[in-house]
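Shown next, in structure tokens, is the structure this report addresses.
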Amino acid sequence: MNRFSYERADTIAGAVNAASQTPSAQFIAGGTNLVDLLKANVARPERLIGLSRLPLDTIEETKEGGLRIGALVTNADTAYHPLVERRYPLLARAILAGASAQLRNMATTGGNLLQRTRCYYFYDPGTPCNKREPGSGCGAREGINRIHAILGTSDKCIATHPSDMCVALAALAATVHVTGPRGERTLAFADFHRLPGDTPERDSNLEPGELITAVELPPQGFASHHTYLKLRDRQSYAFALVSVAAALELDGGTIREARIALGGVAHKPWRVPSAEALLQGKPATRESFQPVADALLQGARGFDHNTFKIELARRAIVRALSQAAGLEHSS
Ligand SMILES: Cc1cc2nc3c(=O)[nH]c(=O)nc-3n(C[C@H](O)[C@H](O)[C@H](O)COP(=O)(O)OP(=O)(O)OC[C@H]3O[C@@H](n4cnc5c(N)ncnc54)[C@H](O)[C@@H]3O)c2cc1C
Ligand code: SF4
């Protein structure tokens, strides 16, 4: 049993200060991921800092016309917020495709961004895992890797990021607000999560002691033409094998702007702006969508058990874009 202290922070500065004093300290929000990691002896903090008293549980309109979602707003409150339902229904759909009603009532914005991979080896301290224990090896590369990544992998790690909400946030080009020992800063969503490279133990570009305070959505919500398509082994309570957040701005039958982000295929939500640009000015037809799928999946590589994901993702991209364009009913 790993011994740790527990305290609840009353202020943002107090939380950051406490986290900066103890290198192994961790924040705890809804606890739906971290408590499992503590029980499995994968997370071994000396100090746990509870965030529940911090004033980060509101959703507010920004003066730019967007929305600022506090780090402690639960996934359920975000998904059912009237402004999210009306202006960012893609985000609501992605959140409701994840976990269960009970979990969404506890899970928070900040915790969802920083939930850890679902790689089986990561949760099993009896097996090698470079993410859990740098330098120990990767159990998944030669092991059971059906749920693992096909894009952006490294010799050190082939894990995926498991979030649904983050796939929508990537497509919507959200920004992440953080406060740390050196003050406040914002990160573009595309720069928040990392590819594994040689340091798979780092999931994000947060610096030690930094606290997520909010996620900000820009005004453009793609409310008219969007879909979140999640393909998984069971219809509920399962993580994505492949998911696609697709959003279009249409001018009649012509595409003015397209956004596509993939989940379940990489260590971070996968977005390729040059692939999206291929759709600009093109008719919204299946023929236009196929080359975009190819461009998004350029460089994809399967391992022993997950090569099927490449073709699955190709078909899912075309289907999601067809749904967003209104050529097919959303599933
Ligand atoms: C059975 C099950 C099924 C699930 N299915 C899905 C699914 O289908 N799709 C999906 O997307 N998710 C799924 N989830 C994951 C769930 O959405 C996450 O566990 C949840 O979003 C984590 O939020 P939390 O507030 O509970 O985080 P916590 O468990 O409290 O924390 C998670 C991590 O975030 C850090 N953290 C939390 N808040 C902050 C902050 N403000 N600043 C900095 N660091 C912070 C913590 O230190 C910790 O490292 C599932 C979970 C379970 C248990
Ligand atoms: S894929 Fe990553 S998380 Fe999974 S065993 Fe390998 S190093 Fe660990």
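The values are calculated or read from the model by the stated rules, or taken from the named source; none is laboratory data. Since the model is a prediction, treat every value here as computed from it, not as a measurement. A quick note on method: Cβ atoms are made from the backbone with ideal geometry, for glycine too, and the neighbour counts reach across all protein chains shown. Each accessible area value is taken on the protein alone, full model and side chains, heavy atoms only, with ligands, DNA and RNA left out. Shrake-Rupley method; radii C 1.70, N 1.55, O 1.52, S 1.80 Å.
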Subject >> Chain lengthening between Ser136 and Arg202 when straightened (0.36 nm per residue, less Cα-Cα) >> reply: 22.2 nm
**OP:** Above 19 angstrom, tally the Cα pairs of the stretch 244-311 and express them as a % of all pairs, no decimals.
**Re:** 35 percent
**OP:** Return the ratio Rg/(2.2 N^0.38 Å) for the stretch 212-331, where Rg is computed over Cα atoms only.
**Re:** 1.06
**OP:** Write down the accessible area per residue of the chain in Å², having rolled a 1.4 Å probe over the full set of protein chains.
**Re:** 44 Å²
Original post:
Residue by residue through the stretch 158-167, which ³J(HN,Hα) values in whole Hz follow from phi under the Karplus form 6.51 cos²θ - 1.76 cosθ + 1.60 (θ = phi - 60°), with glycine and proline marked x?
Top reply: 10, 6, 10, 8, x, 6, 8, 4, 5, 5
Subject >> Whichever aspartates and glutamates have a C-alpha closer than 18 Å to that of Lys309, once near sequence neighbours (fewer than 8 apart) are set aside >> reply: Glu142, Asp164, Asp233, Asp294
**OP:** Loop only per DSSP, at most 15 neighbouring Cβ atoms within 10 Å: give me the GluC sites (Glu not before Pro) in the stretch 42-133, ordered by residue number.
**Re:** Glu46, Glu64
**OP:** Mind pulling the per residue volume of the convex hull built on the Cα atoms of the stretch 89-203? Å³ is fine.
**Re:** 139 Å³
Original post:
Measuring from centroid to centroid over Cα atoms, what is the spacing of the stretch 176-192 and the stretch 1-52 in Å?
Top reply: 20 Å
**OP:** Return the tail of the calculated pair distribution for the chain, meaning the percent of Cα-Cα pairs more than 36 Å apart.
**Re:** 17 percent
Original post:
For the chain, modelled as a GNM with alpha-carbon contacts under 10 angstrom, which of Gly299, Gly137, Gly180 fluctuates the most?
Top reply: Gly299
**OP:** Among the trypsin sites (Lys or Arg not before Pro) in the stretch 283-321, which ones are in a DSSP loop with at most 15 other Cβ atoms within 10 Å of the Cβ? Mind listing them?
**Re:** Arg301
Original post:
Over all directions, what mean area does the Cα convex hull of the stretch 135-290 project, stated in square nanometres?
Top reply: 11.4 nm²
Original post:
Can you tell which of Val73, Val167, Val265 shows the greatest fluctuation in a Gaussian network model of the chain with Cα springs below 10 Å?
Top reply: Val73
**OP:** Would you mind working out the magnitude of the charge dipole of the chain relative to its Cα centre, with +1 at each Lys and Arg C-beta and -1 at each Asp and Glu C-beta, to the nearest 20 Debye?
**Re:** 540 debye
Original post:
What is the Cα centroid distance between the stretch 212-260 and the stretch 266-313, reported in whole angstrom?
Top reply: 14 Å
**OP:** Enter the angle in degrees (range 0 to 90, nearest 10) between the Cα long axis of helix 12-21 and the first principal axis of the Cα atoms of the chain, meaning the one along which they spread out most.
**Re:** 60 degrees
**OP:** Beyond 21 Å, what share of the Cα-Cα pairs of the stretch 140-208 is found? Please give it as a whole percent.
**Re:** 35 percent
